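Notes for the one structure printed next.
The values are calculated or read from the model by the stated rules, or taken from the named source; none is laboratory data. Note that the structure is predicted; figures quoted are calculated from it, not measured. Cβ: placed from backbone, ideal geometry, glycine included. Neighbour counts: every protein chain shown. Side chains included, ligands, DNA and RNA excluded: accessible areas come from the protein's heavy atoms. Shrake-Rupley method; radii C 1.70, N 1.55, O 1.52, S 1.80 Å.
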Amino acid sequence: MDPQGMQQQLLSAIQVAQDPAADPGLKSSAIEFLNFARDKANETWPAALMLFMATDPGSGARLYDAQTRYFALEVLGALLDIDGPEELEPSVFTPLQAAFTPYIESEYINGTAESGAPYLRNKFSHTLALLFTRSYPDLWPTFITDLIGAMRTIPGSGGRQGANLNLNLCILMLRVLDEVSEEIADQTIRGARPFSIGRQHRETRLKHSVRENDASNVVTALVTVMTEGLDQLEGLGGGESDEQEKLQELVSLAVETYASYVHWLDINLTVTPVTIPLLYRLINHRLLPFRMAASIALHRLISKGLQDPRDKLQLIKILSLPQSLDTLEQQTRMPERTDEEDEELHFRESLGKLLGAVGQEMMKIPDDKNVTDEAVRIEAIAMLEGILPTTLRFLADPFDDVSESVFPFLSQLFYRRKRKNPKETVLTDSRKAFFTEFMSVIIQKFQWDKDTEWGAGADEEEPDDDAMEEFGELRKGLKSFMDGIAALDVDLYTKATTEVVRSTLGAFVNGQQVSWQRAELALQLLYLYGELNKADKTLGKGRGGFCVIPTTLSKEERKSMDFGTLPLNSLGEMMVMVMDSQICNFAHPAVTIQWAETVCRYSDFFKLRKAYIRNVLEVFVGPLGAQNPKNNVRHRIFYLLNKFVQEMGSDIPSDLISPLLASLMQVMNIRPEIPDDDSDLGEAELLFNATANSSSFDALLYLFEAAGAMIFRAPIEQQLPFLQEFTNPLSAEMQQALQAQRSSQRDVMPILTVHHIMMALGNLANGFPDVPVNGAPAMQAVLCQVFSQVAEAVLVALQNFSQYRVIREAARFTFLRILSATGPTVLPFLPTLLTTILSHIENGEISDFLGFMGLVAHKLKEDVRETVDGLATPLLTHINNVINQPEEGTDDVVVHNEVKRAYLTYVNALMGSPLYTIFASPKNMGTFETFLMFLMRIAEIPSDPQSQKLAFIILSKGVAAWGVNPALPAPNGTVAAPNGTNGIVHPPPSTQPIPGFERFIYDHLIPLAFRVPLEPNLRFKDAETHLVLGEVTGLLNTIVQVRGDEGLAFLTTYLPSLGMPTDFVQQFSDKVRGDKTAFRKWFTDFMRQRRHEDRSVSLTAPVNA
């Protein structure tokens, strides 16, 4: 490839790519060519090097702009950044070294160091570091010493050394050294790259070579730059200048580079009588970047792996970190600071992380098996406990980032205590004092910040989702510490928690000013208190969790006792305080939500103190609850109200139901919403988005369910009028929507209205209890009649809007809820419902539709036989058509597999019930063979083992049902597992022998059972394949069971025709009638070996000419 010609092509392509006015097609071609040049760097690098280095013959200035030269470096970087272990060819290395060496001299020793394009300077540093990784130590063994040796070169002196540092060259040196360390030793960068054994070997060799040859020079150079840079800065005094700015950059870079080397160089080089005072000089410097860099360097030093734990202890002592961090914590503490972006906060956060690292390292020492000296263990534990007060002060910082800096250490502390023996977890007085203070700090941090803006009005400001999530994560971490304290000393936890709850509620009752933050905190702590039974075994469950239960009572006595007669425990007393205090009237969203969450969590308490139920429900439906001006509060209350109503059941005062329903009806207005940003979408997308992303309506549905539950618990004479107050207006509104004229195809409001009303009616029915198994509906017959009218109205709506998927889905939902509550009430409408849905169904709906049909069959059983019978053939035809459609992508494969599994699951459920006879009924006998062949087809698809397994289960059940040998006695009950587990299936409740079915067994099923295990694509190592093979052996078991000696005789004749060895044929008869598990293993092992032999033969067979 001609370098000159390629240089011109690259230049032209770069100019076009950068030109905003260039033709789009031409620009696209230019970018494509540049990508090609980068990918073919091993051919285009000479041209790229020429572009980067070219100078004007007259002025000596760089010929091309920074962007062009940056791309040239990208090509060179692509050449150098490879995964292999090899060094560069000398023919490549020599030109690069010959070009870069004078460039460094002219630009960095004598020039301005690319001052007009800092990004170019950074890119060159990286490129030079990559060159190091491909040339050191063999091609360029003096790479590091050459750079370090030029540190004091006087600009324009022809290479003469001076007393002062050459700042430009030193900055380049530091950047290159830092890049080198990152490339070969930084675990984050190395982990982000695809693993390459060649690259790993190269990086290991480079680290070894640096340690052997240049480590001392590197550390000395870094210490020199840090020391002299600091001295020069202090000599310049205050003010700002270019030299000061460059010196600050120099020192910061030197510390950062030192930090990048400490974890992989010998500690005797990095921790010396010179470096320790230097690091403390930096960490106490007035300039924040120096302090930050020093903190990171110390963090890396303390985290460095050392073989002998005593060395780590000695390192911590030498660095004096516990004492120094205690002092720094006090110096950086600024309680009145309000700016979260204050950079000083980041330094304090880094100090917390450093302290945490010290603590984690000290925790390892006592647990290390290599520590045999008890004095070392005692000293490490003492030092560990010595930093705990400092840790708590970081935890108590008003800013959460600082608090969270010590979370990992504290988590590890609790984990260590948890796995220690009981003697080590006993709390001495000093430890108890620490954990008491710890609990106090946790509670303090658990409270919302006093400056949090969160108003109660609809338009008043509140924390955004990110702030809520961040504070939630903080509380999650703090709660883990609470749990740890409770596990150590439950009384300490209980005392701290109950004091806050009792004092806050007492202050509120006495009319004292209580902030919303304090009120929410008290309720939050009470909410968490119920989880204490993990630590406090005296707390019972259910209603017993609120009482003091005599320890002498047996389990049987507890079951029959009246808990209401027992005195309340701490939790019960606090719940009484919550209700008596009327804290529920505290008008703040955070308090309202936490109060509601608490009463729902402790719903069993209200079964002991039923008088409070009225108050709770009145708050739920009042101005602070369901009628709250804030949407997020209102929506959460809807859910919690429904949950509380379901829990209370018949304990709800009957005289309260009417006003409760009246209050709810004020907010149960169905108003479909279309997101504002959906204006350009089509009809189907509009409907999907409006139903899938409607949080307001989804929340409202909980109220309809709660209304249904309350109606059912109203006095019998009031249930019908209450129910009709909901169903009549909704049905009328749905009828109006069906008749509404749509202004355009994009006018989807009538469709959404119908959808929402269907869903509301379904949830209303969902509030009623399910029909008992084999029992009559729990509701009155007149209510069933009302729901029958609702079902008919829904069916009419479906027939009008059946082309819309959201309507079909809503109709299924509503019918299933009505079916669960009323049983056969919906039976007259099911045939039309199912055929209407099936005639318009999309592939993505089929799985849910089949699940719906399975539930209908399960609940209605024989009542739905005629419907299921009539739908069997159309359903099979539709499923066949779907699966026969070409698979044009991954999505199609996923949908087809889902459809297969859903259909097979449906069929399998029917085959286990008396309804199995519908597959061979007079209506479906014409497609019976098609049905069987469909199952066989699925059973032979190894790419979908779940469907394979189901197909074999169904075929086994079919053999037991339709292939019974009339000459044999009925099955004796020795078979097991009706669901197909262990490869054995029960016959259905009755058999339905079909004349000639034995020919299908012998002609198709037995060959299938031997064909599938030998399928070349079957993955024997796959766990799911073993399940498939288990069902194959189950099929063979069943055939022998139902056909008897006739089946064995056929197999004995058939197996030799497959080329099976004589010993296999002889053993088969005994094995198939013996232990089922042993037969499965024997059969699977043989088939695995047989397929291996078949493959070996095919690989060694001669090729025919």
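Observations on the structure shown:
- This structure gives percent of Cα pairs over 51 Å apart, computed directly, and of (1) 53; (2) 37; (3) 50 that value is listed as (1).
- Using a simple spin-label model with pseudo-atoms 7 Å out from Cα toward Cβ, ASN1017 and GLU940 lie 1.2 nm apart.
- Residues in region 499-525 that a label on VAL548 would reach, taking backbone N under 19 Å of a point 7 Å out along Cα→Cβ: 499, 502
- Entries of LYS246/LYS312; LYS957/LYS1081; LYS207/LYS369; LYS479/LYS541; LYS40/LYS123; LYS353/LYS479 with Cα pairs more than 25 Å apart: LYS246/LYS312; LYS207/LYS369
- For the residue pairs LYS859/LYS923; LYS555/LYS643; LYS559/LYS607, the alpha carbons lie more than 19 Å apart in LYS859/LYS923; LYS555/LYS643.
- Amide H contacts under 5 Å for CYS547: GLY540, ASN569, restricted to partners 5 or more places along the chain or on a different chain, H placed in the peptide plane at 1.01 Å from N.
- Long-range HN-HN contacts of THR55 with modeled amide H, under 5 Å: LEU63
- Qualifying trypsin sites (Lys or Arg not before Pro) in region 493-587, where qualification requires a DSSP coil assignment and no more than 13 other C-beta atoms within 10 Å, comprise LYS537, LYS541.
- Estimated FRET transfer efficiency (ALA163, GLU245; beta-carbon r; R0 25 Å; 0.05): 0.70
- Global geometry of region 1-159, whether rounded, prolate or oblate, following the gyration tensor of its Cα atoms and the 1.5 cut on a/c: oblate
- Positive-end extreme of charge dipole, the chain - chosen from THR867, ILE318, SER29 (charges on Cβ): THR867
- Counting only Cα atoms, the size of region 446-532 along its three principal axes is 45, 35, 19 Å, in decreasing order.
- Projecting the Cα atoms of VAL274, GLY963, SER350 onto the dipole axis of the chain, where Lys and Arg carry +1 and Asp and Glu carry -1 at the beta carbon, places GLY963 farthest toward the positive end.
- For the chain, the Cβ-based charge dipole about the Cα centre amounts to some 4260 debye (Lys, Arg positive; Asp, Glu negative; other atoms uncharged).
- The angle separating the long axis of helix 805-822 from the principal Cα axis of greatest extent in the chain is about 50 degrees.
- The mean sequence distance of close C-alpha pairs (under 8 Å, at least 6 residues apart), as a share of the length of the chain, puts its relative contact order at 4 percent.
- Sites SER503 and SER695, calculated FRET efficiency, Cβ-Cβ separation with R0 30 Å, nearest 0.05: 0.20
- Here the extension length gained between ASP863 and GLU685 equals 60.2 nm, from 0.36 nm per residue of separation less the Cα-Cα distance.
- Share of carbon and sulfur in the accessible heavy-atom surface of region 160-310 [1.4 Å probe, %]: 50
- Counted residue by residue at 0.36 nm each, then reduced by the alpha carbon distance between them, the extension gain from MET665 to ALA740 reaches 24.6 nm.
- Near THR153, the amide H atoms lying under 5 Å from its own belong to GLY162, ASN166; only residues 5 or more places off or on other chains count, and H is placed 1.01 Å from N.
- Note on GLU212 and LYS364: the model spin-label points, each 7 Å out from Cα along the C-beta direction, lie 2.8 nm apart.
- Average accessible surface area per residue within the chain, 1.4 Å rolling probe, Å²: 45
- Computed E for GLU573/HIS840 - FRET, C-beta separation, R0 51 angstrom, nearest 0.05: 0.25
- When the chain is described by a simple charge dipole with +1 on each Lys and Arg Cβ and -1 on each Asp and Glu Cβ, the residue from THR153, LEU413, LEU827 located farthest towards its positive end is LEU827.
- Chain lengthening between GLN582 and GLU460 when straightened (0.36 nm per residue, less Cα-Cα): 41.5 nm
- Residues of region 276-292 with amide N under 16 Å of the 7 Å Cα→Cβ point at SER320: 276-285
- Expressed as a whole percent, the accessible area of region 541-588 that falls on carbon and sulfur atoms is 53 (1.4 Å probe).
- Scattering curve values for region 501-648, log₁₀ I(q)/I(0), Debye with Cα scatterers, q = 0.11, 0.20 Å⁻¹: -0.43, -1.25
- Accessible area (Å², 1.4 Å probe, nearest 10) - ASP138: 100
- Under Karplus coefficients 6.51, -1.76 and 1.60, residue-wise ³J(HN,Hα) of region 496-511 in Hz, glycine/proline x: 4, 5, 5, 4, 5, 5, 5, 5, 5, 5, x, 5, 5, 5, 7, x
- Backbone HN-Hα couplings from phi across region 75-87 [Karplus 6.51/-1.76/1.60, Hz, Gly and Pro as x]: 5, 5, x, 5, 5, 8, 8, 10, 8, x, x, 7, 7
- In nm, spacing of pseudo-spin labels at LEU306 and THR94 (7 Å Cα→C-beta vector): 4.9
- Shown in residue order for region 194-205 are the 3J(HN,Hα) couplings computed by the Karplus curve 6.51 cos²θ - 1.76 cosθ + 1.60 at θ = phi - 60°: x, 5, 9, 5, x, 5, 4, 5, 5, 5, 5, 5 Hz (x for Gly and Pro).
- Rounded tilt (10° steps) of 654-665 against the dominant C-alpha axis of the chain: 60
- Restriction of the chymotrypsin sites (Phe, Trp or Tyr not before Pro) in region 596-689 to DSSP coil positions whose beta-carbon has at most 15 other beta-carbons within 10 angstrom yields no sites.
- The long axis of helix 288-302 is offset from the longest Cα principal axis of the chain by roughly 70 degrees.
- Sparsely packed trypsin sites (Lys or Arg not before Pro) within region 1-44, loop by DSSP, other Cβ within 10 Å at most 16: LYS40
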